[in-house]
Amino acid sequence: MGLHRVLGDTRLPQAAERLDPTRDLWPDEVRVRVERLNLDAASLRQLRTAHPDPDATRAAVVEIIARRGKMQNPVTGSGGMLLGTVEEVGPESPLGLLAGERVASLVSLTLTPLVIDDDLARWDGTDEQVPCSGHAILFGRSVAAVLPPDLPEPLSLAVLDVCGSPALVHRVVTRHAVEHGQAPVVLVLGAAGKSGSLSAAAARDAGAARVVGLVPTEQEAGLLEDAALCDDVVIADATRPLAVRDAVRDATGGQVDVTVVCVDVPDCEGGAILATADGGTIVFFSMATSFSAAALGAEGMAADVTMLIGNGFVPGHSDYALDLVRSVPGVRSLIERRHR
């Protein structure tokens with residue numbers, strides 16, 4: 001689990017303040033030559049807000065990695081994931097990786113020892129995909145995926161960054177149908193984004209009775225309608241609870257059974273709660289989610305809803321997400337627009 005890489009305390013690597021990112025491997029580790037980072041959307045938004053100048057954003061990321069030995073935004077607590085080439089495999093590594101394979105990490109940069117040696121000189125400071133040079137260490141309990149040969153690497157990286165979302169949505173929709181005897185109506189907040197579009201496609205694939213996509217602007221609504229992933233597309237500010245409730249009510253006549261939160265801004269908990277019927281489920285995939293706001297908000301509204309934190313790992317999640325990109329043109333078109 002990488003405990004031997006933790007510096008200065010006894011916490012797990014994700015919670016630790018600093019990690020040791022030295023190149024030398026322990027027997028069950030893998031070293032990856034890093035070529036690209038994919039920063040978590042909530043983290044990048046916060047960094048760009050705090051450092052409006054792209055050069056300042058770049059400098060902030062370089063400083064975080066150098067100081068912490070990993071990429072973990074101290075404000076959002078989130079990081080992202082990486083793409084690179086396997087450089088060396090320890091003799092006891094259980095990951096099944098081979099030197100020379102092109103891989104993407106499926107664990108967070110917040111627990112991945114990382115060194116960057118080019119000061120991110122090729123990054124424009126605005127895109128969530130960050131070209132770079134350096135190395136990273138994967139532990140025995142890490143997860144990584146070999147990049148598929150039939151998809152462009154930037155697209156694969158973007159999809160694998162959020163591949164936990166569609167797999168969990170598929171599971172939740174399927175279970176709801178079994179437990180309640182009918183297919184659920186599903187709402188996706190931020191349905192035109194990466195995790196949102198994949199979640200909408202997964203909900204439909206799992207047999208949802210209806211999929212409602214909520215986006216903040218007319219432009220995103222047009223893109224989502226063209227992608228044909230949702231039965232209804234509504235426009236509302238996800239941070240305004242009553243606006244979300246009213247938009248969903250106008251579209252469906254009431255509340256939904258399952259709500260999936262995929263937005264990268266804070267304060268979206270209230271709208272998700274108001275839009276979800278008693279006995280329903282809310283899945284939070286946004287790293288901007290506040291546990292206290294969700295828990296106490298639901299309590300304060302006497303909302304009998306189950307709330308799940310999308311932890312990014314479901315068995316088979318990477319293959320399922322990539323298959324959705326291959327089989328659902330609307331998903332691919334929305335994600336590729338972000339990485340042209």
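The values are calculated or read from the model by the stated rules, or taken from the named source; none is laboratory data. On a predicted model such as this, the values are computed, not experimentally measured, just so you know. Glycine gets a Cβ as well: all are built from the backbone with ideal geometry, and neighbour counts include every protein chain shown.
A few remarks follow.
- Filter result for the condition that a residue is at pLDDT 95 or above, more than 30 Å from V130 (Cα to Cα) and assigned to a helix (DSSP H, G or I), over G254, G330, G279, G271: G271
- Residue count for the stretch 123-151 under the criterion of being closer than 22 Å to P91 by Cα and either in a strand (DSSP E or B) or not assigned by TED's automatic domain parsing to the domain that holds R31 (or both): the result is 7.
- Among the residues making up the stretch 170-206, those that are more than 10 Å from L229 (Cα to Cα) and in contact with a His (Cβ under 6 Å, 6 or more places away or on another chain) are P184, A206.
- The stretch 1-53, subset more than 30 Å from G100 (Cα to Cα) and charged (D, E, K, R), residue surrounded by the most Cβ atoms within 10 Å (Cβ to Cβ): R45
- Which numbered condition P154 fails, given (1) closer than 22 Å to A42 by Cα; (2) modelled with pLDDT of 95 or more; (3) not hydrophobic (A, V, I, L, M, F, W, C): (2)
- Checking each residue in the stretch 24-47 for being modelled with pLDDT under 95 and either charged (D, E, K, R) or closer than 26 Å to P94 by Cα (or both) picks out N38, D40, R45.
Residue-by-condition table, conditions (1) surrounded by fewer than 21 Cβ atoms within 10 Å (Cβ to Cβ); (2) touching a strand residue (DSSP E or B) at 6+ places or on another chain (Cβ under 8 Å); (3) under 16 Å from V162 (Cα atoms):
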site	(1), (2), (3)
L242	yes, no, no
V260	no, yes, yes
A293	yes, no, no
E299	yes, no, no
D323	yes, no, yes
R326	yes, no, yes
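Condition check ((1) in a loop (DSSP other than H, G, I, E, B); (2) crowded, with 21+ Cβ neighbours inside 10 Å) across all residues:
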site: V186; (1), (2): no, yes
site: A202; (1), (2): no, yes
site: G213; (1), (2): no, yes
site: Q219; (1), (2): no, no
site: E225; (1), (2): no, no
site: D237; (1), (2): yes, no
site: V248; (1), (2): no, yes
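- Subset of the stretch 188-200 (residues that are aliphatic (A, V, I, L, M) and part of a loop (DSSP other than H, G, I, E, B)): A191, A192
- G79 over 19 Å from T126 (Cα atoms) and of a type outside the set (K, R): no
To keep it simple, each residue is scored yes or no on (1) more than 20 Å from A41 (Cα to Cα); (2) hydrophobic (A, V, I, L, M, F, W, C).
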{"position": "L160", "(1), (2)": "no, yes"}
{"position": "V172", "(1), (2)": "yes, yes"}
{"position": "H176", "(1), (2)": "yes, no"}
{"position": "E179", "(1), (2)": "yes, no"}
{"position": "A191", "(1), (2)": "no, yes"}
{"position": "S195", "(1), (2)": "no, no"}
{"position": "Q219", "(1), (2)": "no, no"}
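- In the stretch 152-183, of all residues being of a type in the set (S, T, N, Q) and in a helix (DSSP H, G or I), the one that is nearest to V305 (Cα to Cα) corresponds to T174.
- Candidates A206, A200, A167, A158, filtered to the one that is of a type in the set (A, V, I, L, M), within 19 Å of the chain's Cα centre (by Cα) and under 14 Å from V328 (Cα atoms): A200
- For the stretch 1-48, a residue qualifies if it is within 24 Å of the chain's Cα centre (by Cα) and among the small types (G, A, S), and the qualifying residues are G2, A15, A16, A41, A42, S43.
- Residues that are in contact with a Gly (Cβ under 7 Å, 6 or more places away or on another chain) and not in a helix (DSSP H, G or I) are absent from the stretch 45-68.
- F313 surrounded by fewer than 18 Cβ atoms within 10 Å (Cβ to Cβ) and either under 15 Å from the mean Cα position of the chain (by Cα) or not assigned by TED's automatic domain parsing to the domain that holds A227 (or both): yes
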